[in-house]
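Student: Have a look at this one before I ask anything.
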Amino acid sequence: MATGADHGLRRIVWKKITDTIIADCRKSEVWKILILDAFTTKLLSSCCKMSDLMSEKITIVENLDKNREPVPEMNAIYFMSPTAKCVDALIGDFKSKPKYKAAYVYFTDYLPDDLFNNMKMYCGKYIRVCKELNMSFMPQEAQVFTCDNPGAFWSIYSPKSQDKKKTLEKLADQLVSVCATLDEYPGVRYKKDSNLDNAKTLAELVDNKLARYYELDDSGKKKEKTQAQVLILERDFDPISPILHELTYQAMAYDLVDIQNDTYNYKSKDGAEKQALLNEDDMLWVKLRHRHIAEVSAEIPKLVKEISASKKQPDGKITISNLAQMMKKMPSFRRQLTEKTVHLQLAEDCMQCYSNNVEKLCKAEQDLAVGSDVEGVKVKDPMRTLLPVLLHQYSTYDKIRAVLLYIFSVSGTTDENLSKLIQHVKIEDERDFILNWKELGVPIITSPTFFFSRKTVRRDRSQEEKYNLSRWTPVIKDVIEDAVENKLDIKEWPHQSESPAVWNGSGAVSARQKHKASAQDERRSGSRLIIFILGGISFSEMRCAYEVTQSVKSCEVIIGSSHILTPKSLLDNIKALSKGPMENFTIDERSNA
């Protein structure tokens with residue numbers, strides 16, 4: 001298997017590709033060329049390696065958008081998105097002088113009739129296979145998917161957007177393709193929102209598209225609902241988690257270290273530039289990514305010492321320099337040590353940032369987010385918590401994050417008070433970092449006569465707290481646990497469609513299950529909860545999906561969004577909401593998001 005993860009979305013996606021594209025390849029012993037667009041390149045890279053393709057007699061992988069040398073004696077496999085641009089590129093390869101012997105064409109999603117007819121007219125005689133895979137999402141991790149569309153944030157929330165409806169339609173198609181790939185026909189629910197109706201609109205679209213997709217199954221019968229449920233909610237349900245400084249390894253690294261396209265760039269002790277890919281092929285990353293940085297910092301040197309001991313190396317202080325020497329002396333252990341060295345360096349980078357600034361910030365942030373201090377005493381005057389942050393030499397982004405946490409903690413502030421805060425942070429010309437949150441339905445400005453409370457009853461997690469500077473738990477964890485326990489309020493979470501029996505909200509077990517000794521436990525066995533957050537997901541929210549799956553075991557939680565957020569990318573996206581679409585190209589967005 002190509003991926004480091006031996007389960008989850010990446011494996012499922014690779015299996016589907018294997019059962020279609022690769023299975024067709026195996027029917028012929030001839031070597032082939034694989035041609036991909038930008039989306040399918042990322043999709044394939046997420047779930048397989050070049051060696052996997054080579055073993056299936058795919059000798060070359062080429063970019064659909066670039067000029068390619070003709071190889072008329074070879075067959076070409078096209079795996080691409082169903083767009084006019086991709087179809088035109090395919091037609092261009094065969095219209096005058098064919099570049100390849102024949103074409104095997106696979107689309108990620110439904111191909112519109114007009115594009116199909118064009119393709120058939122100009123190069124139909126060269127096409128041996130044409131299939132739609134219905135797989136238009138990105139399997140980011142074992143339990144995380146994205147729609148690979150950071151631009152959806154602007155399209156949905158900007159008052160200047162002209163394509164909100166089109167964007168929601170596309171996201172609905174992609175969410176349906178997630179369900180289809182998982183072979184699930186779920187019930188659909190959404191979080192009722194007094195300010196926005198995007199979640200309701202998306203829920204309606206998803207439900208209608210699912211009904212059409214599953215109208216007839218392979219046997220000609222209507223497919224029944226499976227043991228799955230989709231929950232759709234807006235980003236405003238929890239504005240705190242995406243901007244808080246997180247101290248778990250993955251979230252902290254992506255926040256504090258410059259990681260682009262999941263690639264960590266670092267310098268070895270000899271000054272050489274190095275790169276490491278942070279994905280599920282790195283099993284140490286999978287093991288450590290959701291752990292607190294304190295545990296990670298203690299764990300990695302311990303692992304290195306175990307390797308040292310196995311080669312009878314003398315114990316001593318573990319440093320990058322020592323590791324470099326060990327690697328030269330022990331070639332057979334080079335790969336293992338490289339893995340450990342990467343994470344030792346990354347953890348050191350995180351701890352360096354933490355020691356410099358983040359540690360002092362975290363106490364104020366946690367007090368504002370939780371509403372009480374370490375002793376459990378309620379924060380009576382949030383402004384007194386905020387002021388030391390504003391007076392310290394923190395970065396502008398860190399100060400903006402603290403100001404927002406203050407505003408969220410008091411459910412909006414006055415215009416006069418906000419102006420003073422903006423002067424403190426010195427962003428008079430960039431007020432949009434703060435004011436534009438209103439486009440997400442988050443209250444920023446209130447009047448003395450109007451009080452808006454967005455406080456929801458939270459689960460008591462005081463017994464779970466291990467670290468004083470990590471007391472906040474993302475709201476999505478409460479939502480997931482309430483959903484799994486059938487405790488979601490039906491008024492707050494209306495059913496868009498009938499849910500399967502295991503999600504009927506009553507907690508009851510069907511009478512037909514009486515003969516089973518453990519029906520209460522077994523009724524959820526193999527069930528899935530699919531969460532979709534409009535407006536992006538944070539790494540801390542991704543972690544919650546794994547934590548609940550691990551604790552519940554009988555229900556797998558899959559979480560996804562249009563893209564993954566870092567605090568900086570979210571603030572940049574918020575600021576850009578008041579700009580036109582052409583102005584957004586300068587916004588610094590993480591391309592892995």
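Student: When you scan the range 539-546, do you find a residue that is closer than 18 Å to S470 by Cβ and acidic (D, E), even just one?
Tutor: Yes, the range 539-546 contains at least one residue that is closer than 18 Å to S470 by Cβ and acidic (D, E).
Student: State which residue is nearest to I35 (Cα to Cα) when the search covers only the range 64-103 and only residues that are basic (K, R) and surrounded by 15 or more Cβ atoms within 10 Å (Cβ to Cβ).
Tutor: By that ranking, first place goes to R68.
Student: Here's another thing I want to ask about it. Note down all Cβ pairs under 9 Å where the first residue falls in the range 361-386 and is farther than 17 Å from L244 by Cα, the second is acidic (D, E) and open to solvent by less than 20 Å² (accessible area, probe 1.4 Å), and they're at least six residues apart or on different chains.
Tutor: V379/D367
Student: I'm trying to understand the selection: among the residues of the range 271-288, which are farther than 10 Å from H343 by Cβ and open to solvent by less than 20 Å² (accessible area, probe 1.4 Å)?
Tutor: E280, the sole residue that qualifies.
Student: Taking the condition of a type in the set (A, V, I, L, M), open to solvent by 20 Å² or more (accessible area, probe 1.4 Å), part of a loop (DSSP other than H, G, I, E, B) and out of contact with any Cys (no Cβ under 9 Å at 6 or more places or on another chain), does V61 pass?
Tutor: When the stated conditions are applied, V61 does not pass them.
Student: Go through (1) open to solvent by 40 Å² or more (accessible area, probe 1.4 Å); (2) in contact (Cβ under 8 Å) with a residue 60 or more places away in the chain; (3) among the polar types (S, T, N, Q) and name the single condition Q143 misses.
Tutor: (1)
Student: Please find, among S470, S411, S395, the residue that is under 25 Å from E359 (Cβ atoms) and surrounded by 14 or more Cβ atoms within 10 Å (Cβ to Cβ).
Tutor: Within the list S470, S411, S395, the selection yields S470.
Student: Got a sec? Which of K164, K222, K170 is of a type in the set (K, R), more than 20 Å from the chain's Cα centre (by Cα), open to solvent by 50 Å² or more (accessible area, probe 1.4 Å) and under 30 Å from D572 (Cβ atoms)?
Tutor: Among K164, K222, K170, only K164 is of a type in the set (K, R), more than 20 Å from the chain's Cα centre (by Cα), open to solvent by 50 Å² or more (accessible area, probe 1.4 Å) and under 30 Å from D572 (Cβ atoms).
Student: So if I check each of E132, E184, which one is over 23 Å from G535 (Cα atoms) and open to solvent by less than 20 Å² (accessible area, probe 1.4 Å)?
Tutor: Of the residues listed, the single one that is over 23 Å from G535 (Cα atoms) and open to solvent by less than 20 Å² (accessible area, probe 1.4 Å) is E184.
Student: Collect the residues in the range 249-277 that are touching a residue at least 40 places away in the same chain (Cβ under 8 Å), assigned to a loop (DSSP other than H, G, I, E, B) and not polar (S, T, N, Q), keeping them in residue-number order.
Tutor: Within the range 249-277, V257, D262, K269, D270 meet the criteria.
Student: From the residues in the range 543-568 that are assigned to a helix (DSSP H, G or I) and among the hydroxyl-bearing types (S, T, Y), which one is farthest from E280 (Cα to Cα)?
Tutor: Looking at residues that are assigned to a helix (DSSP H, G or I) and among the hydroxyl-bearing types (S, T, Y), I get S551.
Student: Moving to a separate point now. Restrict the check to the range 10-30 and report whether at least one residue is of a type in the set (S, T, Y), surrounded by fewer than 16 Cβ atoms within 10 Å (Cβ to Cβ) and over 23 Å from the mean Cα position of the chain (by Cα).
Tutor: yes
Student: Among the listed residues V304, V230, identify the single one that is crowded, with 18+ Cβ neighbours inside 10 Å and assigned by the TED database to the domain that holds I480.
Tutor: None of the other options fit; the residue is V230.
Student: Report, by residue number, each residue of the range 187-208 that is out of contact with any Lys or Arg (no Cβ under 9 Å at 6 or more places or on another chain), in a helix (DSSP H, G or I) and surrounded by 19 or more Cβ atoms within 10 Å (Cβ to Cβ).
Tutor: Those that are out of contact with any Lys or Arg (no Cβ under 9 Å at 6 or more places or on another chain), in a helix (DSSP H, G or I) and surrounded by 19 or more Cβ atoms within 10 Å (Cβ to Cβ): L202, L205, V206, D207.
Student: If you don't mind, another one. Across the range 103-135, what is the number of residues that are in contact with a Cys (Cβ under 9 Å, 6 or more places away or on another chain) and either assigned to a loop (DSSP other than H, G, I, E, B) or among the β-branched types (V, I, T) (or both)?
Tutor: Count: 2.
The values are calculated or read from the model by the stated rules, or taken from the named source; none is laboratory data. Keep in mind that what you see is a predicted model, and the values were worked out from it rather than measured. FYI the Cβ positions are ideal-geometry reconstructions off the backbone, even for glycines, and counts take in every protein chain you see. Remember, those area values only see protein heavy atoms, side chains included, never the ligands or the DNA or RNA. Shrake-Rupley method; radii C 1.70, N 1.55, O 1.52, S 1.80 Å.
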